[in-house]
1. Go ahead and run the numbers for FRET between LEU259 and ASP289, Cβ-Cβ distance against an R0 of 45 Å, rounding to 0.05.
2. Provide, in order from the shortest bin, the percent of all Cα-Cα pairs of the stretch 127-266 in each 10 Å bin, continuing until the bin that contains the maximum pair distance.
3. Please work out the average accessible area per residue across the stretch 267-309, using the 1.4 Å probe convention, and give it in Å².
4. Apply the a/c threshold of 1.5 to the C-alpha gyration tensor of the stretch 116-163 and tell me whether it is rounded, prolate or oblate.
5. What distance in nm separates the simple spin-label points at ASP82 and THR328, each placed 7 Å from Cα in the Cβ direction?
6. Return the subset of LYS51/LYS106; LYS57/LYS311; LYS83/LYS194; LYS170/LYS211; LYS9/LYS106; LYS106/LYS311 for which the Cα-Cα distance in this structure is over 30 Å, preserving the input order.
7. Averaged per residue, what accessible area in Å² does the stretch 87-126 show with a 1.4 Å probe, protein chains only?
8. Compare the peptides 170-177, 128-135, 42-49 by average per-residue count of other Cβ atoms within 10 angstrom and give them in order, highest first.
Amino acid sequence: MFDAILIDKDENGQTAKLTQLDENSLPEGDVTVRVAYSTLNYKDGLAITGKSPVVRKFPMVPGIDFSGVVEQSDHPDYRPGDKVVLNGWGVGETHWGGLAGMARVKGEWLVPLEPAFTLAQAMSIGTAGYTAMLCVMALERHGVTPESGPVLVTGAAGGVGSVATAVLSKLGYHVAAVTGRREETDYLTGLGAKEILDRAEFSEPGKPLAKERWAGAVDVAGGQVLANVCASLMYRGTVAACGLAAGMGLPATVAPFILRGVTLAGVDSVMCPREDRLEAWHRLARDLDPSILDGITESIALADVIPMAEKLLAGQVRGRVIVPIDETLG
Ligand code: NDP
């Protein structure tokens, strides 16, 4: 038996509770993993609270990522004792996820733990941090360099934003961090941000073409914020768009795209091909200073995950939330 968060649904709606599950109830898969750490991402918050239809099958163990140690494997790449990481692939949405003592998944979904990181550090980074690195890689693939000009990070005090700010700063970019929480100014400058901008500057409808300010941007907000970011990119600038914290809509015009050659680069971490995942984790090992991780990470017990989900969606959580499940695994 092992502890797990379980989401279920009946005629009265969706419920989430902490419970105990039997190993025999684990879903199909060729690798069984003892989970060391999981995390609470924005999407987990949506799944646990039921605020968006993230969960596609009930009952469901949430948790879109985990790190742990292989217990049993029928996959040629993994043996018992191997340290592994999982991000996405519908885990926590259509396949039982990481907020549990054990998980059974397809071996092809796993990546080996980068030797630079501990199992705990890999989850301090988690899906949010791995997505931040995919965003940085998207900017680079579109030719954005530190010499191109300043770059903008929205939702900077959140999980994706914190790691994007830290990585871009370490790579030598001049990072302008957008936040709705002015009180996090020291936190953001500590991660390397050179300018702190108020979210309110980006939240109201603006001109189709604003002053050219940013060579690149990482946007977690979507909605009006993303529209204003597109309008203020420099000629041939790129925004890596990965989130919807401000909304699903995009009330923009085509002006930045057709008059300034701006690129809107979409970033998805869930079905991202394996080569890009491996590259993102290698790059995190190289370009993220692991000493910042303690400062951006809050650790909570599995029993506190459900109330924390509400706080996360309310924008009251800074950086990353990690959930130790079995710290003895290393
Ligand atoms: P967090 O909750 O940690 O951070 C979100 C941040 O967005 C908040 O901390 C806040 O930052 C900012 N924010 C909140 N509300 C608004 C608003 N109305 N307008 C502008 N900014 C706002 O979430 P994550 O960092 O984990 O995820 C961020 C987004 O990226 C989410 O939408 C998530 O679903 C998405 N995502 C997408 C992935 C993909 O594969 N495409 C993978 C991972 C995440 P501040 O207080 O600094 O303003």
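The values are calculated or read from the model by the stated rules, or taken from the named source; none is laboratory data. Because the structure is a prediction, the values reported are computed rather than measured. Glycine gets a Cβ as well: all are built from the backbone with ideal geometry, and neighbour counts include every protein chain shown. Only protein heavy atoms, including side chains, enter the accessible area calculation; ligands, DNA and RNA are left aside. Shrake-Rupley method; radii C 1.70, N 1.55, O 1.52, S 1.80 Å.
1. Once the sixth-power term is evaluated, E becomes 0.70.
2. 14, 50, 33, 3
3. 48 Å²
4. In terms of gyration-tensor shape, prolate.
5. The answer from the label model is 2.4 nm.
6. Long pairs (Cα-Cα over 30 Å): LYS83/LYS194; LYS106/LYS311.
7. On a per-residue basis, 26 Å².
8. 128-135, 42-49, 170-177
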